[in-house]
Amino acid sequence: MKRLWWLLVMIVFLIIADQMSKGYIETNYQVGETTEVIKNFFHITYVQNRGAFWGIGQDWSETARKFVFLFLSTGIALFVFYLLFKSLKDVFIQSFAYALIIAGAIGNLIDRYVLGFVIDMFDFFIVTETQTHRWAVFNVADACISVAIALLIIDEVFLAKKRKAKA
């Protein structure tokens, strides 16, 4: 039960951090406006993402986007809540990862329900002599989901085998 409360507090904190950072960007930037933080590496850039990660689905119809990005995403978030509760007595890394996914999903769902798009702002890239290699612009919620996926992969590839060998 203590683990659940700690994870719920973390989820709430991450949702608040996500929404505050997005609110700051929406209030202080125009769409497309950018501020250089680290030359040739990191900018804060206001992007309105109407699709999924890397903008996938931005060109879909409004109906398709609502179905996939609102209803389906809400269902997936509820399923991850189920996985969180199921994992509480087991491996902490799984519970932690599920909590990160929930925080990220709720953070982005708030944007989608309220604004109809997700606010992104972290813009990383590497400039070489001939090209600019850019990562997709993302936000705190996206970072939570990405870290969670990495943790679940690490758990499955490295840690689950050790647990099974000990059992």
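Values in this text are rule-based calculations from the coordinates and carry no lab data. What you see is a predicted model, and the numbers here were worked out from it, not measured in a lab. Here the Cβ is made from the backbone with ideal geometry for all residues, glycine too, and neighbour counts use every protein chain on show.
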**Asked** Where does helix 140-154 land angle-wise versus the long Cα axis of the chain, in degrees 0 to 90, nearest 10?
**Response** 40
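Which order, highest average first, do 84-92, 145-153, 125-133, 99-107 follow once you tally other Cβ atoms within 10 Å for each residue and take the mean per peptide?
99-107, 145-153, 84-92, 125-133
Tell me, what is the percent relative contact order of the range 2-166, built from C-alpha pairs under 8 Å that lie six or more residues apart?
28
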**Prompt:** Going by alpha carbons, how many degrees (0 to 90, nearest 10) lie between the helix axis of 2-28 and the longest principal axis of the chain?
**Reply:** 0
**Fill in**
Under 25 Å between C-alpha atoms, the lysine pairs in the chain lying 8 or more places apart or on different chains count 12
**Request:** Please give, to one decimal in nm, the separation of the simple spin-label points placed at Arg3 and Gln58, each 7 Å out from Cα toward the Cβ.
**Result:** 4.0
**Fill in**
For the range 16-96 the translational diffusion coefficient, Stokes-Einstein from a Kirkwood Rh over Cα pairs at 10 °C and viscosity 1.306 mPa s, in µm²/s, is roughly 100
**Prompt:** What is the gain in length, in nm to one decimal, between Ala143 and Val114 on full extension, counting 0.36 nm per residue of separation less the C-alpha to C-alpha distance?
**Reply:** 8.4 nm
**Request:** Can you tell me the 0 to 90 degree angle between the C-alpha axis of helix 92-114 and the longest principal axis of the chain, rounded to 10?
**Result:** 40
**Asked** Using +1 on the beta carbon of Lys and Arg, -1 on that of Asp and Glu, and nothing else charged, what's the dipole of the range 2-166 about the Cα centre, debye to 20?
**Response** 1080
**Request:** Could you list the chymotrypsin sites (Phe, Trp or Tyr not before Pro) in the range 1-64 that lie in coil according to DSSP, counting only those with at most 14 other Cβ atoms within 10 Å of their Cβ?
**Result:** Phe41
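Inverting the mean 1/r over all pairs of different Cα atoms, compute the Kirkwood radius of the chain and quote it in Å.
Details: mean 1/r = 0.0576 Å⁻¹.
17.3 Å is the Kirkwood radius here.
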